[in-house]
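Computed from the coordinates by the stated procedures, all read-outs in this text should not be read as laboratory data. Fair warning: this is a prediction, and the values are worked out from it, not measured in the lab. Please note: Cβ atoms are built from the backbone with ideal geometry, for glycine as well, and neighbour counts cover all protein chains shown.
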Amino acid sequence: MYNVAWNGSILIHADNLPAVDGHLGIDIMARKAPNPDVNDVIGEWSFFGQWLGWDKRSAEVQEGIVRFNADRTVSMTYVNSQGYSDVFSSTWALDDANAVVHAAGTSGPALLCDGGMMVGFNITVAHYPGYIIFVKRTSAAVAAEKIAGTYLVRSLESSVFGDVHTVYTGTCIIRPDGTLSVDAYHSSGEYDVFDTSYTIGPGNRFAIRGGDGVHEGTISRDLGFIPDSTVPAEPTRDDWIGSVFLIKTTSSLVEKVLVYGFRSSVTSGHFYAADEAEKPQLIDNHSDIWRYEGIACHAMPNGNDPNGRPVHRLWSGTPNSHFYTIRESEKDKLIQKCPGVWSYEKTTFYACPPGQQPPDTQAVDRFGPDKLRSHFYTMDEAEKQTLLDKHPGLWSYDGVVCIPIASVPLGSGGRVCCPRLG
């Protein structure tokens, strides 16, 4: 099964489950540069490369700087994950008809791509198979507002000592205030959710501060692609190496907020909130009751959008469950006619009522109540149909609750989804 990340210039597929033979991998595709000439090549480039062994699951990562000069000479400075560094010099030539750059003495050509990038591959038996991503460096400053948004995360990682590979997929939210959030899964079963900071500069260089140090990358010319790699200073068996790719989506941080999901270990009910203050309160103070499940979907931050309506959250201590609705009449009826059963909590987030949603969105369907007087919410069409076909006596279909404007939920690899609200 593959997860696709595409920003118009580069596309990366990533396995989220091993194939039948146990293999994991990624596929990299890039749009060919239109009408290339030597000026597209001349300059300084950051590069990030990864190679895998033919006969065992070994791996190597390189990162460095390559300079293509106007006199057709090229120089490269790099360091790899084995602790080795070197300087390499050669000559280069451009096949402009095919947008291919050749450098003498290297393992293969590089494809000149749209957006100020090059991609090189090696599939010969004389060298380890692998790839190199090049991003052209610039001295012009890049404003944080220009890169802020939602990025898909894709990576193929391996141990320095040849342990089993893992594929890393998820989403990264980059904010204009210098902070970012990551919500992603490893195919090995690990789950990463963290917040950290980043810096930009000089020029289009990009650095993320993580628990294991600073990860440095370079922002592409179209501001839609940020690759970086992990090269440990003193490799240990616990170090995972690989190039991590951030591919910007059409989602806009300004237009969307994150909806966080929790599940109760006591009632098995679900709790959803877009309030940044509620999330740490539940994690820090009520972890014995509520388990954080990650990002559910994206929603509108306010009611400024003409199609946006508040999604209301009510609480009942009788069935110990929350109730969500976008219908004002339904909210008012519960408050006025059942004041001892349902109490109004707040507007959880803003979403679209049926018939007023943007393209490529998916409805939240509601069922209920069951024998425990709780409601069931889903965005999974197969799950909805199963309840309708196989459990008509247990669950009654209430209809569409709301339609979040989720286009790329975190940790889902690009699938529009919202785990159960309720």
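Below is a table of values for the structure above.
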quantity: Nearest-0.05 FRET efficiency for Ala207 and Arg327, computed from C-beta distance (R0 51 Å); calculated: 0.60
quantity: Evaluated at q = 0.15, 0.18 Å⁻¹: base-10 log I(q)/I(0), Debye formula over Cα of the stretch 256-402; calculated: -0.83, -1.22
quantity: Pairwise FRET efficiency - Asn307 versus Glu145, Cβ, R0 = 22 Å, nearest 0.05; calculated: 0.30
quantity: Ranked by how many other beta carbons lie within 10 Å on average, peptides 167-176, 299-308 from highest; calculated: 167-176, 299-308
quantity: In Hz, Karplus ³J(HN,Hα) per residue of the stretch 167-178 (6.51, -1.76, 1.60; θ = phi - 60°; x = Gly, Pro); calculated: 9, 10, 9, x, 9, 10, 9, 9, 9, x, 8, x
quantity: Burial ranking of peptide ranges 315-328, 337-350, 386-399 (average Cβ count within 10 Å, highest at the top); calculated: 315-328, 337-350, 386-399
quantity: Distance (nanometres) between label positions extended 7 Å along Cα→Cβ at Glu381 and Ile283; calculated: 3.4 nm
quantity: Protection proxy ranking, peptides 196-209, 131-144, 85-98, average beta carbon neighbours within 10 Å, highest first; calculated: 131-144, 196-209, 85-98
quantity: FRET efficiency, Asp37 to Tyr191 (Cβ-Cβ, R0 60 Å, nearest 0.05); calculated: 0.85
quantity: Sorted largest first, extent of the stretch 282-360 alpha carbons per principal axis (Å); calculated: 38, 35, 19
quantity: Set Lys136/Lys279; Lys279/Lys333; Lys279/Lys331 screened for pairs whose C-alpha atoms are more than 32 Å apart; calculated: Lys136/Lys279
quantity: Rel. contact order, % - alpha carbon contacts under 8 angstrom, at least six apart, the stretch 256-402; calculated: 21 percent
